[in-house]
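Undergrad: My questions will all concern the structure given below.
The values are calculated or read from the model by the stated rules, or taken from the named source; none is laboratory data. Just so you know, these numbers come straight off a predicted model, no measurement behind them. Every residue, glycine as well, gets a Cβ built from its backbone with ideal geometry; the counts of neighbours run over all protein chains shown. Protein only, heavy atoms only, side chains kept; ligands, DNA and RNA dropped before computing areas. Shrake-Rupley method; radii C 1.70, N 1.55, O 1.52, S 1.80 Å.
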Amino acid sequence: MSKCSDVKNIINNDTNKMDDLNVESIKTQEDINRCRTAIIELKKERKYNAAMEKIISLFNAGYTDADLMLDLAQIYYNTQDYTRAESWARNSYNKDGSTDTLIFLAKIYSSDDKMENMAEILNEILENNYDAFSDEQKKLIDDLIFYVELTYELGEINKKFPNIAKWMNRNDAIDDSFEEPEATDNKEDEAFNDNINNEQQDECENDSSIEENITESFGNDESEKKVKDILVELASGESISDKEVDYLIQHNASGLIGAIDSLSVSLNKKILTDNFIAAAYYEKGKPDEAILLLKAALNIDDQNDLILKNIGFIFWTQGDRRKAQISLQAVEHKDFMVCDILKKCNK
């Protein structure tokens with residue numbers, strides 16, 4: 001009971017603050033069962049205040065089990081109060097050690113942009129054998145691993161999160177058996193306009209080597225200044241010539257990423273600049289470099305529809321249906337071409 005003694009005060013201070021809590025008196029087993037059933041239905045209907053009232057009623061009656069704590073964590077997660085969601089998910093996990101709860105905790109960290117915490121939890125989860133997970137759990141794990149792959153380079157994953165790396169290697173072996181997708185038609189190409197074709201084969205060097213790459217890529221101060229001048233024009237929305245585009249993409253992609261990151265412009269302009277140069281790299285037959293720029297953009301905003309479409313399209317053309325599906329499902333505003341590829345991924 002000590003962990004739940006301040007529940008009423010916590011909820012009163014929530015963003016979905018209630019003036020009066022309708023706390024019931026729970027006396028019989030029938031009251032308990034009715035209350036638990038009501039919580040499930042109210043959560044489905046997104047009536048979170050009413051669901052909290054039921055949870056408090058059960059707490060006050062002495063029922064502080066893991067399921068109720070998880071219910072509360074899910075409500076806070078759905079209202080984007082990730083700090084409290086994390087707290088109650090941990091309380092729930094400490095009660096029963098449920099794998100589902102641990103996966104949910106990793107999901108909370110992912111949504112709260114705490115990728116290190118998420119990867120650590122995920123690595124702990126994956127100490128279990130593959131067959132120990134249900135199909136639904138495997139899907140959730142794959143979704144989370146997708147964001148690990150976008151956040152960390154392969155060498156870093158192998159070193160810091162060996163269980164995640166093992167899971168990824170297993171899935172890659174499965175993906176190798178997929179048939180190559182049919183060639184896309186012109187309408188698909190037009191719809192994705194700036195989409196990039198081909199997945200990265202050689203991983204980007206880690207963050208500690210980016211400064212070296214900038215020096216190696218630009219060669220001298222004059223070259224670095226010219227690159228930055230062109231990037232400033234591009235990020236400011238000014239047109240640059242084909243010659244200037246060619247000059248940019250003759251340089252190392254990691255160097256350009258560092259140069260873009262150092263620009264005094266908004267994050268959105270950095271994303272658009274990354275995407276523009278990625279398209280230029282792709283057009284010139286440099287898909288590996290294009291992927292690096294897109295990953296840099298996703299590191300800024302991993303929910304950007306344009307970038308997610310581009311990444312999903314890459315995975316699809318590479319025959320990696322699993323990653324294509326995960327990426328394109330994350331697109332909030334799906335167009336017809338996204339829906340079409342998702343249908344093909346499910347075949």
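Undergrad: Using a probe radius of 1.4 Å on heavy atoms only, what accessible surface per residue do you get for region 50-158? Whole Å² is fine.
TA: Each residue of region 50-158 exposes 41 Å² on average to a 1.4 Å probe.
Undergrad: Based only on Cα atoms, what mean projected area does the convex hull of region 266-325 have, in nm²?
TA: Orientation-averaged projected area of the Cα hull: 3.7 nm².
Undergrad: Right, another one. Using 7 Å Cα-to-Cβ label points, what is the residue 78/residue 47 separation (nm, one decimal)?
TA: 1.2 nm
Undergrad: Something else about it: Using a probe of 1.4 angstrom, how much of the accessible area of region 85-148 is carbon and sulfur, in percent?
TA: 36 percent
Undergrad: Can you give the FRET efficiency to the nearest 0.05 for residue 241 and residue 300, using r as the Cβ-Cβ distance and R₀ = 30 Å?
TA: Efficiency, from the Cβ-Cβ distance: 0.65.
Undergrad: To continue, here is another question. Between residue 347 and residue 31, what is the spin-label point distance in nm, taking each point 7 Å from the Cα along the Cα→C-beta axis?
TA: Inter-label distance under the simple model: 5.8 nm.
Undergrad: With labels modelled as points extended 7 Å from the Cα through the Cβ direction, what inter-label distance (nm, one decimal) is found for residue 266 paired with residue 339?
TA: About 3.0 nm separates the two model spin labels.
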